[in-house]
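Reviewing the structure listed below.
Readers should treat all values here as calculations from the given coordinates under stated rules, not as data from a laboratory. Worth saying up front: this structure is predicted, and the values here are computed from it rather than measured. A quick note on method: Cβ atoms are made from the backbone with ideal geometry, for glycine too, and the neighbour counts reach across all protein chains shown.
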Amino acid sequence: MANQWLAHRSVLLEILDKVDNNDLDFRPWAKAMTLSELAMHIAGVSDMFITTARLGKFMPPEQKPEIHSVEDLRKTVKYLTDKNYADISGMSDMDLDSSVISNRIFTSPTPAKVWLAAMKEHEIHHKGQMFVYARMVGVEEMPSFVKRSLT
């Protein structure tokens with residue numbers, strides 16, 4: 001499960017390597033998230049889902065760090081990626097089958113693995129948006145939609 005998720009998150013990191021400081025505040029329409037906000041939304045919500053699944057109860061997102069540069073954004077997303085990969089990798093089959101109690105997203109006790117599957121689907125959805133954002137700011141050479149090899 002951790003490697004399946006990382007195959008998608010790695011692509012987000014590759015996209016962030018292709019943008020620069022001038023792109024952080026880009027938004028395709030007035031009420032859209034900026035490129036920076038979208039990247040932090042992906043990473044922050046994934047962290048929330050993973051922490052919730054790991055602890056067995058809903059854990060609201062942590063306070064968002066301030067992002068002042070593309071380097072800040074890359075470092076923050078990379079930090080959360082490493083943390084979240086370790087968290088998922090450390091979960092046993094029993095942990096994945098254990099119930100998470102929440103009235104925020106799922107209305108009844110739900111196995112942790114369902115939370116992680118929903119997290120991955122959320123990430124894939126927004127990663128697709130990030131592809132569009134990157135194209136709109138002028139990125140011409142894009143990575144594959146999913147990283148096939150994690151070596």
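Can you pull out the trypsin sites (Lys or Arg not before Pro) in the range 76-151 that DSSP calls coil and that have at most 11 other Cβ atoms within 10 Å? Mind dumping the intermediate values first?
Values: sites: 78, 83, 104, 113, 120, 127, 135, 147, 148; in loops: 104, 147, 148.
Sites meeting the loop and neighbour criteria: 104, 148.
Ranked by Cβ crowding within 10 angstrom, fewest neighbours first, how are 42, 15 ordered? Before the final figure, lay out the partial values.
Working: 42 24, 15 19.
Ordered from fewest to most neighbouring Cβ atoms within 10 Å, 42, 15 come out as 15, 42.
Within the range 21-55, which residues have the backbone N less than 14 Å from the label spot 7 Å out from residue 114 along Cα→beta-carbon, could you tell me?
Only 53 fall inside the zone, counting backbone N under 14 Å.
Taking R0 as 22 Å, what FRET efficiency do you get between residue 98 and residue 72 from their Cβ-Cβ distance, rounded to the nearest 0.05? List each step's numbers first, then the result.
Values: r = 35 Å, r/R0 = 1.61.
My answer for the efficiency is 0.05.
For the range 77-117 and the range 1-35, what is the centre-to-centre distance using only Cα atoms, to the nearest Å?
About 22 Å separates the Cα centre of the range 77-117 from the one of the range 1-35.
Just rank 67, 105, 88, fewest to most, by other beta-carbon atoms within 10 angstrom. Please report the intermediate quantities before stating the final value.
Details: 67 19, 105 14, 88 24.
Arranged by neighbour count, lowest to highest, 67, 105, 88 become 105, 67, 88.
Could you pull out the chymotrypsin sites (Phe, Trp or Tyr not before Pro) across the range 1-41 that fall in loop regions by DSSP (anything but H, G, I, E, B) with no more than 12 other Cβ atoms inside 10 Å?
Numbers: sites: 5, 26, 29; in loops: 26, 29.
Loop-located and lightly packed - 29.
Among (1) 0.95; (2) 2.35; (3) 1.06, only one was calculated for this model; which label is it, if the read-out is Cα Rg over 2.2 N^0.38 Å?
Answer label, from the structure shown: (3).
Going by alpha carbons, how many degrees (0 to 90, nearest 10) lie between the helix axis of 112-136 and the longest principal axis of the chain?
10 degrees
When the helix-only estimate is applied to the chain (DSSP H runs of n ≥ 4, each -39,500 (n - 2.57), divided by the residue count), what is the mean residue ellipticity at 222 nm, nearest 500 deg cm²/dmol? Don't skip to the end; give the middle numbers.
Values: 5 runs with 86 residues, N = 151.
The helix-only estimate for the chain comes to -19000 deg cm²/dmol at 222 nm.
FRET efficiency for residue 55 and residue 140, Cβ-Cβ distance as r, R0 = 41 Å, nearest 0.05?
Efficiency at R0 = 41 Å is approximately 0.45.
In degrees from 0 to 90, rounded to the nearest 10, what is the angle of the helix 70-89 Cα long axis to the longest principal axis of the chain?
In the chain, helix 70-89 runs at an angle near 20 degrees to the longest axis.
Say the cut-off is 23 Å between C-alpha atoms; which of 75/127; 31/120; 75/120; 31/75 go over it? If you can, show how the numbers build up before the last one.
Numbers: 75/127 18 Å; 31/120 25 Å; 75/120 21 Å; 31/75 26 Å.
With Cα atoms farther than 23 Å apart: 31/120; 31/75.
Would you list 102, 36 from fewest to most Cβ contacts within 10 Å?
Numbers: 102 17, 36 23.
With the sparsest Cβ surroundings first, the list reads 102, 36.
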